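The values are calculated or read from the model by the stated rules, or taken from the named source; none is laboratory data. Quick caveat: nothing in here was measured; it's all calculated off a predicted structure. Note: ideal-geometry Cβ built from the backbone for every residue, glycine included; neighbour counts use all protein chains shown. With ligands, DNA and RNA removed, areas are computed over all heavy atoms of the protein, side chains included. Shrake-Rupley method; radii C 1.70, N 1.55, O 1.52, S 1.80 Å.
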Amino acid sequence: MNTTIKRIGVLTSGGDAPGMNAAVRAVVRSASYFNVECIAIYQGYQGLIDDKTKVMNARSVNNIINKGGTILKSARCLEFRTKEGRKQAFETIKKHEIDGLVVIGGDGSFTGAMIFQSEFKIPVIGIPGTIDNDIFGTSHTIGYDTALNTVIDAIDKIRDTAISHNRLFFVEVMGRDAGHIALNAGIGAGAEEVLIPEENLGLERLLESLQRSKKSGKSSSIVVIAEGDKSGKNVFQIAEHIEKNLPYYEVRVSVLGHMQRGGSPSCFDRVLASRMGVFAVESLLNGSSNVMVGLDNGEMILTPLEKAIKTKSEINKNLIRVSDILSV
Ligand code: F6P
């Protein structure tokens, strides 16, 4: 272990995700295990700029493993994008003699971490926490599994009412520019069609598919649309387009929104967050910096932050085929 690190800081940044608390707990407890002090920084990089900090010990993170959101609060901090803001943030680092920083967040947060590291030479390590699963270097980000389960739960409920009224539902899900949530939840919830940003097949194909399913005897249907879909129309416009062209469908729209980010984390996310937190602290103490921890084939790995940010996390194209085949 690298003995030069005596005190580490931990923060959560960007959109919150279920399991962030489990990751905070794992970082704080691992620090305690290795006799390193741990300082919590509140409200992401904003807390670093404003010196909103608290010394943590193993007991500070009791009873949070099951909690959604983040006890450290989160923010998308515009000030940290400025050199001035980062200088101010480094003052807090110096004041509290923080020798290494653990950043739990998504690609925006990692971009900030990378710049901060290069400017002030403070060792940083990233833990991927976002429901979008859009980060290269890990098969799963913290919060993604819980969000998927939240989405299929919601769609199961929508299905009940869709069946009762013989309706066609368009359900918009989150994911920013990635279709991981839409595609996986779409298959898991038995959606008729899934529209994702990675494959723009055009609205004609959707029309044809819905015509086919009507002919085949389906009385209700669910179409899942990723918020970043590139068809050029939003979910309401798509619904209108279908209603106009296929008037025999009674159409409704449901935008699931931020409920996808809440809730108690699934067991998968709790275990993932716990493993990532331990591995992040161990790696930091062993001298790693400017890297992100990730899950690869069941094992913990490290990926340079730059690669994690700049490389696209591909969707599994086989899933598109599975979805197509099963909507016959
Ligand atoms: O990155 C997580 C996410 O929930 C995206 O899926 C979504 O596009 C975005 O954050 C919403 O951000 P905000 O909470 O700032 O509205």
Exercise. Would you say I152 is free of Cβ contacts under 8 Å to residues at least 60 places away in the same chain, in the same structural domain as A273 (by TED's automatic domain parsing), open to solvent by 10 Å² or more (accessible area, probe 1.4 Å) and not small (G, A, S)?
Worked result: no
Exercise. Among V235, V223, V255, V251, which is of a type in the set (A, V, I, L, M), surrounded by 18 or more Cβ atoms within 10 Å (Cβ to Cβ), within 16 Å of the ligand (Cβ to nearest atom) and farther than 30 Å from R25 by Cβ?
Worked result: V235
Exercise. Does I181 qualify as being open to solvent by 10 Å² or more (accessible area, probe 1.4 Å) and outside the structural domain of S274 (by TED's automatic domain parsing)?
Worked result: no
Exercise. Residues in region 45-56: is at least one within 16 Å of the ligand (Cβ to nearest atom) and surrounded by fewer than 24 Cβ atoms within 10 Å (Cβ to Cβ)?
Worked result: yes
Seminar exercise, completed: Per the filter on region 161-202, residues within 13 Å of the ligand (Cβ to nearest atom), assigned to a helix (DSSP H, G or I) and of a type in the set (V, I, T) are I181
Problem set entry | Scope region 259-271; condition of a type outside the set (V, I, T), closer than 25 Å to V27 by Cβ and in a helix (DSSP H, G or I); matching residues | Q260, R261, C267, F268, D269, R270
Exercise. Looking at this structure, is L284 over 16 Å from the mean Cα position of the chain (by Cα), over 22 Å from T70 (Cβ atoms) and not in a loop (DSSP other than H, G, I, E, B)?
Worked result: no
Problem set entry | Flag if S213 is surrounded by 15 or more Cβ atoms within 10 Å (Cβ to Cβ) and part of a helix (DSSP H, G or I) | yes
Exercise. Could you list, in sequence order, the residues of region 194-210 that are open to solvent by 10 Å² or more (accessible area, probe 1.4 Å) and in contact (Cβ under 8 Å) with a residue 60 or more places away in the chain?
Worked result: V194, E198, E199
